[in-house]
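Asks: One structure is given below, represented as C-alpha cells, and several questions about it will come after.
Computed from the coordinates by the stated procedures, all read-outs in this text should not be read as laboratory data. Since the model is a prediction, treat every value here as computed from it, not as a measurement. A quick note on method: Cβ atoms are made from the backbone with ideal geometry, for glycine too, and the neighbour counts reach across all protein chains shown.
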Amino acid sequence: MDLKSEQPIANERISNGSSNEVVTHKKSGGKIKRHCRRFWWLDLIILAIIVLVVVLPLIFVAIPKKAQHDLNASTLEVTSQEVTSPAPDGIHLKLVTTARSGSKFHPTIEAFRAGLSLEGKEPFLYIDVPETKANAETQIVVEQDLKFASLGQFVDYNKVVMGSEEFDVSMNGKTKLKLSGLRAMSVDYNKKITMKGLNKLNGLNITDLKVLSGAGVVLDDGSNLIGNLTIPNPSVMTLDLGNVTMNLAVDGKSIGTTLIPNLILVPGTNHVPMQSTVNQLAIISLIKSKYTNGVLPLDIVGNSSVSGDQHLTYYEAAIQSNTIRIDLNVGPALAAVNITV
Ligand SMILES: *[C@@H]1O[C@H](CO)[C@@H](O)[C@H](O)[C@H]1NC(C)=O
Ligand SMILES: *[C@@H]1O[C@H](CO)[C@@H](O)[C@H](O)[C@H]1NC(C)=O
Ligand SMILES: *[C@@H]1O[C@H](CO)[C@@H](O)[C@H](O)[C@H]1NC(C)=O
Ligand SMILES: *[C@@H]1O[C@H](CO)[C@@H](O)[C@H](O)[C@H]1NC(C)=O
Ligand SMILES: *[C@@H]1O[C@H](CO)[C@@H](O)[C@H](O)[C@H]1NC(C)=O
C-alpha cells in the first residue's frame with residue numbers, strides 16, 4: 001500500500017496522526033480530479049481504514065490463527081527414545097521425533113522449553129526443543145541430561161510405560177513462529193503423542209535353563225539356576241534399567257530371586273542372560289507333588305533396579321507393579337543334573 005504511487009504529483013504535506021508521511025496529490029482538471037483534490041484527506045482516511053480493516057487483521061489475526069491452526073494440525077511421532085545414565089534424580093534422554101505438517105507455510109519455530117506429561121497431569125520432564133525449520137516432514141532431535149520435574153510424575157509415567165500396550169504423552173510449551181517478512185507470532189505448542197509401551201513385558205520367556213548344583217559350580221553370588229531371557233520390547237524405547245532383580249514365586253510362595261545384570265532393553269526382541277538363586281528342594285518338591293509334568297506356573301515380579309549403588313525408584317515402582325506369569329518347564333534342566341521327575 002504505497003500512497004505515493006497511487007496518488008502522484010503535487011506537493012502537499014499532511015500528517016495522518018500515527019505516522020508522518022509526505023503525500024502527493026494530482027493537480028488536473030475534471031470533476032473527479034477536483035473531488036480528489038478537495039477530498040484527498042477523505043481518500044486517505046478510507047485508504048487508512050482499508051489498511052487497518054484488511055491488512056492488520058490479516059497480519060495480526062488471520063495469519064497467526066492460520067499458523068496456530070496448521071501447528072495444531074501437525075503431528076509428532078517419536079521414532080526413538082533412549083533413556084540412559086539413570087540416576088535417582090535424573091536421566092540422559094535422546095529423543096528423536098518426526099513432525100509432519102500439510103501446511104503451505106514453512107515457518108521457523110523458535111527454540112522452546114516443553115513439558116512432557118501424562119494427559120491432565122503435571123510434567124515429569126522439561127525438554128529443550130531446538131529451533132526448527134518446519135517442513136512437510138521434519139526430524140527434531142533432543143539430547144540432554146535432565147533432572148525430573150517431578151519424581152512422583154516420573155514414577156507414574158514409568159508405570160504407564162510398563163503396563164500399557166499404547167499410551168499418550170502430552171507435550172506442551174509456548175514458542176514463536178517466524179515467517180519471512182512477518183514479525184514473530186506467539187503460538188502454543190500442544191501435542192498429544194501416542195506411543196507403544198512395554199505391554200507388561202508380555203511374551204517374556206526363559207530358555208536355556210541350567211541347574212547348577214555342587215561346590216565350584218554354583219556362582220559366586222550363590223546363583224544356582226541360570227538361563228536366558230527373551231524379552232520383547234514393542235516400543236521405540238531404549239531403557240537402561242541397571243541391575244534388575246525379580247522375585248520368583250509359585251502359588252504365591254517364594255522360590256527365589258533372579259538377577260538380570262546390566263539390563264538395557266532395546267526396541268525389538270532382547271536376549272539377555274539371567275542368574276537365579278532358587279530353593280532347589282522347594283522346586284523339586286513342587287514337581288514331585290503337584291506339577292508332575294515338570295511345568296511350573298512361575299510368577300515373576302520386579303524387586304529392584306540398581307545402578308551403581310543407587311536404587312532407581314521409578315523403575316522399581318514400574319517393575320514391582322507388574323507380574324509376569326510363565327509356564328516354565330524345569331524338567332529338562334533337572335534331568336540334566338540327574339534329577340528325574
Ligand atoms: C489449537 O489447539 C488448541 C488446543 O490445544 C485450541 O484451544 C485452539 O483453539 C486451537 N487453535 C486453532 C487456531 O485451531
Ligand atoms: C519359551 O521357551 C521354551 C523353551 O525354549 C519354548 O519351548 C516355548 O515354546 C517358549 N514359549 C513361548 C511362549 O515362546
Ligand atoms: C544364552 O544365550 C547365549 C547366546 O545365544 C549363549 O551363548 C549362552 O550359552 C546361553 N546361556 C545359557 C545358560 O545357555
Ligand atoms: C526384594 O528381595 C529381597 C530379598 O529376597 C526381599 O527381602 C525384599 O522384600 C524384596 N523386595 C520387594 C519389593 O519385593
Ligand atoms: C551390576 O552389578 C555388577 C556386580 O555387582 C557391577 O559390576 C555392575 O557395575 C552393576 N551394574 C550397574 C549398571 O550398576
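Asks: Can you pick out the pairs among K121/K191; K200/K290; K121/K159; K210/K253; K121/K176 whose Cα atoms lie more than 19 Å from each other? Display every interim value, and only then the final one.
Replies: Working: K121/K191 14 Å; K200/K290 28 Å; K121/K159 14 Å; K210/K253 22 Å; K121/K176 24 Å.
Too far apart for the 19 Å limit: K200/K290; K210/K253; K121/K176.
Asks: Over its Cα atoms, what ratio of radius of gyration to 2.2 N^0.38 Å does the chain give? List each step's numbers first, then the result.
Replies: Details: Rg = 33.7 Å, N = 341, 2.2 N^0.38 = 20.2 Å.
Dividing the Cα radius of gyration by 2.2 N^0.38 Å gives 1.67.
Asks: Roughly what would the spin-label model give for A136 and N202, points 7 Å off Cα along C-beta, in nm?
Replies: Label at A136, label at N202, 3.6 nm between them.
Asks: Tell me, rounded to the nearest percent, the portion of alpha carbon pairs in region 56-98 spaced more than 12 Å apart.
Replies: 71
Asks: What's the ranking of 131-137, 56-62, 153-159 by average number of surrounding C-beta atoms within 10 Å, highest first?
Replies: Highest mean packing first, the order is 153-159, 131-137, 56-62.
Asks: Just subtract the alpha-carbon distance of K94 and E143 from 0.36 nm times their residue separation and send over the number in nm, one decimal.
Replies: Length gained, K94 through E143: 17.2 nm.
Asks: What are the extents of the Cα atoms of region 195-341 along their three principal axes, in Å, largest first?
Replies: 46, 29, 25
Asks: At 10 °C and 1.306 mPa s, grab the translational diffusion coefficient of region 254-338 from Stokes-Einstein with a Kirkwood Rh over Cα pairs, rounded to a whole number in µm² per second.
Replies: Answer, rounded: 107 µm²/s.
Asks: Here is a follow-up. On the principal axes of its Cα set, how long, how wide and how thick is region 81-143? Give whole Å, largest value first.
Replies: 45, 26, 17
Asks: So, one more: Label-point separation (nm) for A73 and W41, each offset 7 Å from Cα along Cα-to-Cβ?
Replies: For A73 paired with W41, the spin-label model returns 4.7 nm.
Asks: Still on this structure: Can you list residues whose amide H is under 5 Å from S150's amide H, if they're 5+ apart or on another chain and H is modeled 1.01 Å from N?
Replies: For S150, no residues qualify.
Asks: What FRET efficiency would be calculated for the residue pair K288, H311, taking the C-beta separation as r and a Förster radius of 41 Å, to the nearest 0.05?
Replies: 0.60
Asks: Once every DSSP H run of n ≥ 4 in the chain is given -39500 (n - 2.57) and the sum is divided by its residues, what mean residue ellipticity at 222 nm do you get, rounded to the nearest 500 deg cm²/dmol?
Replies: The helix contribution divided over the chain gives -6000 deg cm²/dmol.
Asks: If you don't mind, there's one more thing I want to ask. How far apart, in nm, are two points set 7 Å out from the Cα along the Cα-to-Cβ line at D327 and at D168?
Replies: Here the answer is 3.9 nm between the modelled labels.
Asks: Shifting gears a bit: Give me the orientation-averaged projected area of the Cα convex hull of region 76-197, in nm², one decimal.
Replies: 7.5
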